[in-house]
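Some notes on the structure that comes next.
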Ligand code: NAD
Ligand code: TDX
C-alpha cells in the first residue's frame, strides 16, 4: 500500500514513520511535511536510506501541490499528523492554527474525494473535550463526551474533527479519528513540557512551571500511540472516533520532580511562573472502546518510558542542541535542496 503521512518530520509523525517502516516493510511511506519550525529533517535521516520511503516538502493547505502529489502517488491511506501543535503559540497567534489545522484538513480530504482513498485517518487530541476538575477523579473523557474547547489550538483541532465527520456523513469518505492524550518520547520538540524540562535541567537553568504545577496530564509513550493509529487506520470502523490514552495521570509538578530526580538535579531549579491563560486543569482518557474493539493496550509504563526518554535525550544531545541553536533549519538546504532529492 502507498501511505501518505503528513507532518512526518514532527514528533509523533516521525515516530510513526519508523513504526510503519519496521512493522509493515511491504508498504511505501510518503512523508509530506512543510518543515515549519517544528519539522526537522534530521529526524528522518535514517528513513531516507529506506527505498520504501519518500520525503516531499509541501503545505497540506496548498491544493495544487496536494493534488499533484495524489496524482503521482495514488495513496491508499492518508494519515494526517500535520498541524500547528503548541497551545502557547496558539494563544500568541491563532491564525496559522486555523489555516493549517482546519483548512489543511479540508484540502487533504478534498484530494481524497477527487482521487479516491481506502482510508483517511485524522490524528486528533483529547484537548477537544476541554478539561476535567481535579476533585472528580472518577470522571474520564469517552468518545461521547461533548466537544468543549479552551484554546485556539484545541478549537482548531475540534473544527477539523467536525469537518472529518461531516465528510463521512455527507460524502461517504472512509474516515477514522483518534483522540490521544499527551505523548512523550524521542524526537519531542523542546518547547513542550518534558523535553523542555530535560534540556533546561541539564543546563542547570530554571524550570518554568505554570501556576502551581497542579494541572494533570495523562501521559502516553509515543510508540503506544503509533500502535493505536496503525490499528485504527487498518482495522478501525469507518466513521468512528477512538480515544487513546494510558491511565497515566501525573501533575506537572510530579513530572518535573521525576525528571530532576533522574538527572540528579536539585528541586531549587523549579520556578513558578505566570499561568497559561485558559489553562486546562486535567485530561484523562477512557480507552475502553479501542481496547474492546481492537485489542489495543498501552505497553509502556510511565516509570519505564520516562527513563527511556531521558536516556534518549542524554544520548542524542546533538539533535536537540541543533534545535536550540537553530542549526536544524539549515539541514534541508544543506542536505537536500542542492541534491534536488525532494
Ligand atoms: P509537531 O509540532 O511536533 O509536528 C508537526 C509537524 O507538522 C511538523 O513536522 C511540521 O513541520 C508539520 N506541519 C505543520 N504545518 C504543516 C503544513 N501546513 N503542511 C505540512 N506539514 C506541516 O506535532 P506533534 O506533537 O508530533 O503532533 C502531531 C499531531 O498529533 C498533531 O495533529 C497534534 O494535534 C496531534 N496530537 C499531539 C499530541 C502530543 O502530545 N504531542 C497528543 C495528541 C494529539
Ligand atoms: O514551560 C512549560 N511549563 C508548564 O508548566 C510548558 C511548556 C508547559 N507547562 C505545562 C502546561 C501543561 O499543563 O505543562 C503541561 C503540558 O504542556 P505542553 O507540553 O505545552 O502540552 P499540552 O498543553 O498539555 O498539549 C500537548 O498535549 C496535547 C500537546 O502539545 C498537544 O499538541 C496535544 O494535543
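No lab work stands behind these numbers, since they all come straight from the coordinates. Small disclaimer: the values here were computed from a predicted structure and weren't measured. Ideal geometry is used to build each Cβ from the backbone, glycine not excepted, and the neighbour counts take in all protein chains shown.
Tell me, which strands (runs of 3 or more DSSP E) lie completely within the range 28-84 with 1 or more residues that are in contact with a strand residue (DSSP E or B) (Cβ under 9 Å, 6 or more places away or on another chain), closer than 27 Å to residue 324 by Cβ and touching a residue at least 60 places away in the same chain (Cβ under 8 Å)?
53-57
Given the residues 208, 186, 146, which is the only one that is away from ligand 1 (no atom under 11 Å from the Cβ), in a strand (DSSP E or B) and in contact with a helix residue (DSSP H, G or I) (Cβ under 9 Å, 6 or more places away or on another chain)?
Only one candidate qualifies: 208.
In this structure, does residue 218 turn out to be over 22 Å from residue 44 (Cβ atoms) and either touching a strand residue (DSSP E or B) at 6+ places or on another chain (Cβ under 9 Å) or surrounded by fewer than 23 Cβ atoms within 10 Å (Cβ to Cβ) (or both)?
Judged against the criteria, residue 218 is a match.
Pick out, from the range 219-306, the strands (runs of 3 or more DSSP E) lying fully within it that include 1 or more residues that are within 17 Å of the chain's Cα centre (by Cα).
Once the strands (runs of 3 or more DSSP E) in the range 219-306 are filtered for at least 1 residues that are within 17 Å of the chain's Cα centre (by Cα), what remains is 240-244.
Quick check on my filter: what residues within the range 24-38 are more than 12 Å from residue 58 (Cβ to Cβ) and more than 16 Å from ligand 2 (Cβ to nearest atom)?
24, 25, 26, 27, 28, 29
Counting only residues that are within 12 Å of ligand 1 (Cβ to nearest atom) and over 15 Å from residue 278 (Cβ atoms), which one in the range 125-140 is surrounded by the most Cβ atoms within 10 Å (Cβ to Cβ)?
126
Six or more apart or on different chains, Cβ atoms under 6 Å: show the pairs whose first residue is in the range 205-224 and on the phi > 0 side of the Ramachandran plot and whose second is assigned to a loop (DSSP other than H, G, I, E, B) and away from ligand 1 (no atom under 16 Å from the Cβ).
Cβ pairs passing all conditions: 211/275.
For the range 149-172, name all the residues that are more than 16 Å from ligand 2 (Cβ to nearest atom) and part of a loop (DSSP other than H, G, I, E, B).
172
With 261, 299, 321 as the choices, which residue is without any contact (Cβ under 8 Å) to a residue 12 or more places away in the chain and farther than 30 Å from residue 56 by Cβ?
261
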